[in-house]
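Some notes on the structure that comes next.
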Amino acid sequence: MTQGPLEKHTAVLRDRLSLAGARVADIGCGDGGLVRVLTRAGAQAIGIDPQPHQLARARAAEAAGSERYCAAQGQALPLNDASLDVVVYFNALHHVPVAQQEAALAEAARVLRPDGRLYIQEPLAEGAFFEMVRPIEDETEVRARAFEALKRAADGKTLAEEEEYVYRAPHRQASFETFRDGMVAVDPSRRPQVEAREESLRQSFMAAGEQRNGAFWFEIPSRLNLLRRI
């Protein structure tokens, strides 16, 4: 199992990106949590997600109307050429259909200005949390294909890799019920599997999570690949 340092995702991101005044898109933004982090750091952030139910959650939590959201696929971004300083894929590239991953990365390069950054953070297919979720949806293959696609994209012609960084991210869940409901909120098609396996899932959750400060904590082995637009 990965033995990198224990660091928060947001700390890793802030250490590597200049966000104040930057034009940033979070592709696959989900409920908009990272978009709000980017906005609080001074970025002009837009969250993009193809799922209407996810955008509804993001807009419901929108902070004072300062964030923007848009429904679109990563492989067809409704953004102008060279219009962004940063494109972020946070736990999201492996959710792009495998056949479209290279097209999505090409789109990210298109909308980046020269010397802009493509920030790709992906969970690794290992660790207790991954094994707990695996019976519901095994992402081993799609995560591997996403990594291969980004390595091909960083060919030194349009994008060049600046850094690859492996670490362990702390992950908090308030309760098993919060975890269970979150799995379904991300992908409603999971509901029948989650309900059918709820008791075994609960047992795995209780065994794998460390209880402290009124919550359950996990460590998520993660990898950052930071690419620069040439």
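Some notes on this structure:
- Checklist (1) under 22 Å from residue 182 (Cα atoms); (2) surrounded by 18 or more Cβ atoms within 10 Å (Cβ to Cβ); (3) at pLDDT 95 or above applied to residue 58, failing item: (3)
- The range 35-45, subset in a helix (DSSP H, G or I) and buried (at least 16 other Cβ atoms within 10 Å of the Cβ), residue nearest to the chain's Cα centre (by Cα): 35
- Considering (1) touching a Ser or Thr at 6+ places or on another chain (Cβ under 9 Å); (2) of a type in the set (S, T, N, Q); (3) at pLDDT 95 or above, the lone condition that residue 2 does not fulfil carries the number (3).
- Qualifying helices (runs of 4 or more DSSP H) (wholly inside the range 167-226; at least 2 residues being over 22 Å from residue 56 (Cα atoms)): 191-196, 198-208
- Lone qualifier among 72, 58 - being farther than 24 Å from residue 14 by Cβ, in contact with a strand residue (DSSP E or B) (Cβ under 8 Å, 6 or more places away or on another chain) and among the small types (Gly, Ala, Ser): 72
- Residue match in the range 16-34 (condition: farther than 14 Å from residue 89 by Cα, in contact with a Gly (Cβ under 8 Å, 6 or more places away or on another chain) and in a helix (DSSP H, G or I)): no
- Qualifying residue in the range 48-63 (condition: part of a strand (DSSP E or B) and in contact (Cβ under 8 Å) with a residue 24 or more places away in the chain): yes
- Residue list for the range 17-34, filter: over 19 Å from residue 172 (Cβ atoms) and crowded, with 16+ Cβ neighbours inside 10 Å: 17, 19, 22, 23, 24, 25, 26, 27, 28, 29
- Qualifying residue in the range 116-128 (condition: among the acidic types (Asp, Glu), buried (at least 18 other Cβ atoms within 10 Å of the Cβ), in contact (Cβ under 8 Å) with a residue 24 or more places away in the chain and over 24 Å from residue 83 (Cβ atoms)): yes
- Answer residue from the range 82-99, given it is in a loop (DSSP other than H, G, I, E, B) and either small (Gly, Ala, Ser) or out of contact with any helix residue (DSSP H, G or I) (no Cβ under 6 Å at 6 or more places or on another chain) (or both) and is nearest to residue 220 (Cα to Cα) among those: 91
- Options 208, 169; residue that is of a type in the set (Gly, Ala, Ser), under 21 Å from residue 147 (Cβ atoms) and surrounded by 14 or more Cβ atoms within 10 Å (Cβ to Cβ): 169
- All of (1) within 26 Å of residue 8 (Cα to Cα); (2) more than 10 Å from the chain's Cα centre (by Cα); (3) of a type outside the set (S, T, N, Q) hold for residue 94 with one exception: (2).
- When 107, 102 are checked against the criterion of being closer than 30 Å to residue 131 by Cβ, over 16 Å from the mean Cα position of the chain (by Cα), modelled with pLDDT of 95 or more and part of a helix (DSSP H, G or I), a single residue qualifies: 102.
- Set 149, 185, 154: member being surrounded by 14 or more Cβ atoms within 10 Å (Cβ to Cβ), among the small types (Gly, Ala, Ser) and at pLDDT below 95: 185
The values are calculated or read from the model by the stated rules, or taken from the named source; none is laboratory data. These figures come from a predicted structure and were not determined experimentally. As a convention, Cβ positions derive from the backbone with ideal geometry for all residues, glycine included, and neighbour counts pool all protein chains shown.
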